[in-house]
Amino acid sequence: MMRNRTKNRNTWSNIWFYVFASGIGFLIVIPLYWMIITALKTQTAIFTYPIEWFPKEITLQNFLDLFARFPFGKVLLNSTIVSVSYSAISIVTCCMAAFAFAKIPFRGSEALLKVYLATLMIPFQSTLIPLFMLFNSAGLSNTYGSVIIPSLFRVFGIFLLVQHMRTIPDDYIDAARIDGASYFTILWKVILPLSLPVIAGYAVITFMDAWNDYLWPLVMLTKPEMMTVPVALGMVNGQFERNFGVQMAGSLISIVPVVLIYLAAQSKMKDGLTLGGIKG
């Protein structure tokens, strides 16, 4: 009798869990579906009441207007250059710094790492004006460098990689040192191959952060030919008098690269974040 009660209780718990999860998933999907159908509607249908959840007339005019009235192709290229460069540079610098903190003993390494990690608590908005003045005085306004250089100092990436590299046995490094390998060789041929899942997960996160970043590119990239996707979408909204169809068309195009990269690296991203969260 007791076993049956426990089984029934577990069954109802599972049912309520799936109902709750389905409800959350439904709430997440609704905005995405709304964006897609709005991008494919005519301007009249967008403001039709009651709402047309299934458009009677599908049109691509919003996409044509987007590219005709705004250099959106150049905007996509800008975001691609910035995001790829940002991710690549961040991976290189974070791997080297994490290797130094995790595997190269030097005086004050733990204290220095803690101080460095403490900067995560400093809001970016509080450093926005000093950074803008610094970059502007260096003549970096409206350049790719102004939005790529901050990738040199990704505290989260160093923390994630340090946590993983500390789980790698020192025996590998000792064996390589006996064979005469330098620290750079050890990093390149021993540590990095063992850290690929974590690096892949971090690469996806960094790419998405760079692709979706709005505030810093808004401050540094004011010329239309240098704007990234999020900044350009904000300009579209103001320039075309609340043309929601054009704005949703731009938003739909902008999420395609991120979704494709996430789907391609989903398994590695999950494994990487799991490994990066394990502390030996």
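The values are calculated or read from the model by the stated rules, or taken from the named source; none is laboratory data. Predicted, not measured: the structure shown is a model, and the values here were computed from it. As a convention, Cβ positions derive from the backbone with ideal geometry for all residues, glycine included, and neighbour counts pool all protein chains shown.
Worth a mention:
- Qualifying residues in region 105-117 (those that are of a type outside the set (D, E, K, R) and either touching a residue at least 24 places away in the same chain (Cβ under 8 Å) or not in a helix (DSSP H, G or I) (or both)) - the one surrounded by the most Cβ atoms within 10 Å (Cβ to Cβ): L113
- Residue check for L152: assigned by TED's automatic domain parsing to the domain that holds I104, touching a residue at least 12 places away in the same chain (Cβ under 8 Å) and under 15 Å from L76 (Cα atoms): no
- Residues in region 25-60 that are among the aromatic types (F, W, Y) and within 12 Å of F244 (Cβ to Cβ) were compared, and the one that is surrounded by the most Cβ atoms within 10 Å (Cβ to Cβ) is W34.
- A181 meets each of the listed conditions (1) within 27 Å of P217 (Cβ to Cβ); (2) part of a loop (DSSP other than H, G, I, E, B) apart from (1).
- Candidates are the residues of region 176-227 that are among the polar types (S, T, N, Q) and surrounded by fewer than 19 Cβ atoms within 10 Å (Cβ to Cβ); the one that is farthest from S151 (Cα to Cα) is S182.
- Conditions (1) in contact with a Pro (Cβ under 8 Å, 6 or more places away or on another chain); (2) not assigned by TED's automatic domain parsing to the domain that holds K223: number failed by V82: (2)
- Which listed residue, of F47, F70, is under 30 Å from P150 (Cβ atoms) and at pLDDT below 80: F70
- Selection from region 86-104 of residues that are out of contact with any Gly (no Cβ under 9 Å at 6 or more places or on another chain) and part of a helix (DSSP H, G or I): Y86, S87, A88, I89, V92, M96, F99, A100, F101, A102, K103
- None of L128, L120 is assigned by TED's automatic domain parsing to the domain that holds F207, in a helix (DSSP H, G or I) and closer than 20 Å to G201 by Cα except L120.
- Residue check, V29 within 28 Å of the chain's Cα centre (by Cα) and assigned by TED's automatic domain parsing to the domain that holds V190: no
- Selected residue (criterion: surrounded by the fewest Cβ atoms within 10 Å (Cβ to Cβ)) from residues of region 61-84 that are touching a Gly at 6+ places or on another chain (Cβ under 9 Å) and among the polar types (S, T, N, Q): Q61
- Restricted to helices (runs of 4 or more DSSP H) entirely inside region 188-250, those with at least 2 residues that are in the same structural domain as V82 (by TED's automatic domain parsing) and closer than 30 Å to F47 by Cα are 229-239.
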